[in-house]
Amino acid sequence: MDEQQFDKRMALLKKSYDRIEPQLDPVDVVVQIEAEEVASTMEIVSLSQKRPNKWKKPTVWVASIASVLIVGVLATSYIIGPPTTVQTTEIEQSINYDEWLVDFTKKYEEKREEMRIELDMPEEEFNKLSTVQMASSSLNHLKSRKAEFLESQIINDDFTQSMEWGVMNYLMTPSEIFKIWEDSSISKHLPFSDSFDYFKLYANTANEIASYYTSRLTDYSKILTTDSNHFPKELKHLISTANKQYIELQSDGQFRPNPLFGEHASSYKDNIHPDIVGYFKHLATGSLLVGGDLRLTASETAAILVMYEQTLLADSFTDSPEYMVLKGEYENTWLALLKGTESFSTHTLDGQITEEYKAFIMRVAEGEFGMVMQETAQTIVNELKIGKSLTLFQLTAYDVWMGVLKKRYNPETNTQYGATEVALDEYSIQLAQQIYNTYKQTGDMTVLNSLQPLNVVSLYIYALSQQDYKVAQQLVMDEVVGTEIPKFSDMLIFSDLSETKGATITIKATVKEEEQTIFGQSILFRIDTMTNDLGESQFRIAAIN
């Protein structure tokens with residue numbers, strides 16, 4: 001991090017400070033900066049741009065302080081400035097900075113060398129690790145910004161201690177990251193968002209180290225295919241060193257981080273949120289396809305895709321790089337499984353469906369390999385019984401993604417007194433936004449035609465909040481004229497949607513109490529079915545009251 005980058009961070013910090021309360025929480029400041037910085041030079045320890053972080057425990061510094069440590073702890077002094085009555089001599093009396101820096105540099109070098117030895121990396125390769133580079137940059141700032149650090153020490157007596165603790169955490173090995181749970185302040189079962197942050201922190205560090213270990217296998221390429229008991233001691237030592245970081249040698253001759261599922265998995269793995277497993281599994285396996293063919297058997301592959309599905313359905317931040325990678329892997333692999341590959345053929349040479357494929361597609365149709373592709377598999381099975389499957393022939397990766405969307409937007413509901421109720425909270429609004437964005441990007445009416453009544457109304461309300469009356473009109477029947485469509489700019493004026501089924505389906509959008517003087521107590525929607533040009537039934541809004 002050069003001087004220009006440092007000053008840019010400080011400007012971002014001031015911008016963040018101007019928007020928050022005087023009771024400054026350094027964790028919140030760090031998160032604000034991370035959210036606003038357009039391009040982080042070190043992705044290794046940055047948080048996802050749109051992913052909220054609600055940690056209030058001290059251990060959050062392990063993740064959040066990593067890319068903005070120096071900036072975060074300087075927040076108060078840089079923005080407010082030292083009191084005009086405080087002289088430099090008075091500041092220096094509070095701490096002998098030069099002596100402290102000498103002592104701390106010694107501890108830093110010792111910790112750095114311990115990490116290098118533990119990872120068994122030569123100095124040249126060790127220096128390439130992003131965390132090591134960040135640690136070095138932080139230490140340089142300690143040396144070059146003495147006056148500012150002294151000013152911060154006056155305001156915060158624990159400043160130098162926080163600095164030491166934070167800088168040292170750049171030098172955490174992958175195994176140390178998982179040992180954070182030894183701290184009793186950490187919840188045994190972390191929320192999804194917190195688990196994702198630990199995943200990012202571990203994955204970026206472990207991936208770099210795994211890549212280095214893989215590069216050391218070039219001298220052992222022929223030996224790797226033999227019995228591991230006959231491996232030379234140098235190779236055994238390399239494998240053992242990697243295993244201690246939960247990095248394992250895979251059957252394809254690659255080292256990959258595998259802290260949850262491997263033979264040497266972390267004893268703290270159960271603390272991870274169960275819905276995060278897809279990201280960790282992809283980290284451990286890499287791509288399931290090589291040259292368009294399966295690396296594993298069809299059953300083994302589909303079982304892994306179940307883990308991916310669990311994460312794709314749970315993570316609401318669908319525009320993160322990690323989500324997009326997992327989405328692509330899921331779509332392409334399912335498409336290969338269902339349409340067949342060189343090693344897993346759907347048809348025999350004479351054009352008959354293979355018995356292996358029949359057995360597999362039946363297991364998918366029965367729900368053994370997740371919910372998303374079950375309905376598609378059931379259709380394929382039924383079509384194959386009477387001849388060829390048009391669904392199978394026309395299947396694309398986009399159809400697989402539509403299956404994910406369909407399951408994502410089936411809202412979690414509470415049923416009371418004959419009505420099904422869905423809270424219009426931040427999460428449900430994000431789901432409506434995703435449906436809206438998908439339709440706007442593709443123009444595919446299938447997105448709208450596959451919606452259930454509650455989804456129709458939530459999307460309708462979201463479109464109105466965006467002043468997109470064209471999309472809103474797509475969700476109503478022709479007899480609902482434009483003058484009947486209510487106008488408001490914020491979906492959050494509503495508290496919930498409740499669905500009542502009878503001769504017709506009625507959905508009530510309840511207005512929050514503080515908004516009722518403007519919009520009334522509720523808006524009622526009557527939902528009917530209509531048939532499109534293809535003869536398919538779809539839900540639409542038939543009346544608005």
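The values are calculated or read from the model by the stated rules, or taken from the named source; none is laboratory data. All of these numbers come straight from a predicted model, not from anything done at the bench. With ideal geometry, Cβ positions are generated from the backbone for all residues, glycine too; neighbour counts draw on all protein chains shown. Only protein heavy atoms, including side chains, enter the accessible area calculation; ligands, DNA and RNA are left aside. Shrake-Rupley method; radii C 1.70, N 1.55, O 1.52, S 1.80 Å.
Things worth noting here:
- Using the Cβ-Cβ distance between SER299 and LEU524 with R0 = 51 Å, the FRET efficiency computed as 1/(1 + (r/R0)^6) comes to roughly 0.55.
- The Rg/Rh ratio for the stretch 483-539, using Cα coordinates for both the radius of gyration and the Kirkwood hydrodynamic radius, is 1.09.
- Close amide-amide hydrogen proximity is noted between ASN258 and ILE247, GLU248, each under 5 Å apart and 5 or more residues distant or on a separate chain (H modeled in the peptide plane; Pro and chain starts excluded).
- The reciprocal of the average 1/r between distinct C-alpha atoms defines the Kirkwood hydrodynamic radius, which for the stretch 425-545 equals 14.6 Å.
- Enclosed volume per residue, in Å³, of the convex hull spanned by Cα atoms of the stretch 176-305: 125
- Less than 5 angstrom separates the built amide H of ASP496 from those of LEU424, THR510, all sequence-distant by 5 or more or on a different chain.
- Rounded to the nearest Hz, the phi-derived 3J(HN,Hα) couplings of the stretch 249-254 under the Karplus curve 6.51 cos²θ - 1.76 cosθ + 1.60 (θ = phi - 60°) are 7, 8, 5, 8, x, 10, where x marks glycine and proline.
- Sparsely packed loop sites in the stretch 162-271 (the GluC sites (Glu not before Pro) outside DSSP H, G, I, E and B with at most 12 other Cβ atoms within 10 Å) comprise GLU263.
- Computed over the alpha-carbon atoms, the stretch 295-451 gives an Rg to Rh ratio of 1.01, Rh here being the Kirkwood radius from the mean inverse distance.
- The translational diffusion coefficient of the stretch 266-346, from Stokes-Einstein at 10 °C and 1.306 mPa s with a Kirkwood hydrodynamic radius over alpha carbon pairs, comes to 120 µm²/s.
- Extension reserve of the ASP496-LYS512 stretch, reckoned as 0.36 nm per residue once the Cα distance is removed: 4.9 nm
- Surface per residue (accessible, 1.4 Å probe) for the stretch 242-310, Å²: 39
- Across the stretch 106-148, the residues whose backbone nitrogen lies under 14 Å from the label position 7 Å along the beta-carbon direction of GLU234 are 122.
- Summed residue charge, Cβ within 11 Å of VAL290's Cβ, Lys/Arg positive, Asp/Glu negative: -2
- You can think of it this way: the chain between ILE223 and THR442 has 73.8 nm of extra reach, that is 0.36 nm per residue less the Cα-Cα gap.
- Note on the stretch 191-241: along the principal axes its Cα atoms extend 44, 19, 16 Å, ordered by decreasing extent.
- Contour minus Cα-Cα distance for VAL102 and PHE317 (0.36 nm per residue): 73.0 nm
- Of the GluC sites (Glu not before Pro) found in the stretch 290-390, those that fall in a DSSP loop while having at most 12 other beta-carbon atoms within 10 Å are GLU342, GLU366.
- Counted by Cβ distance under 12 Å from ASP103, the other residues give a net charge of -3, where Lys and Arg count +1 and Asp and Glu count -1.
- The dipole here belongs to the stretch 245-328: it is taken about the Cα centre, uses +1 on the Cβ of Lys and Arg and -1 on the Cβ of Asp and Glu, and is about 80 debye.
- Candidates per trypsin sites (Lys or Arg not before Pro) in the stretch 125-168, loop by DSSP, up to 15 other Cβ within 10 Å: LYS128
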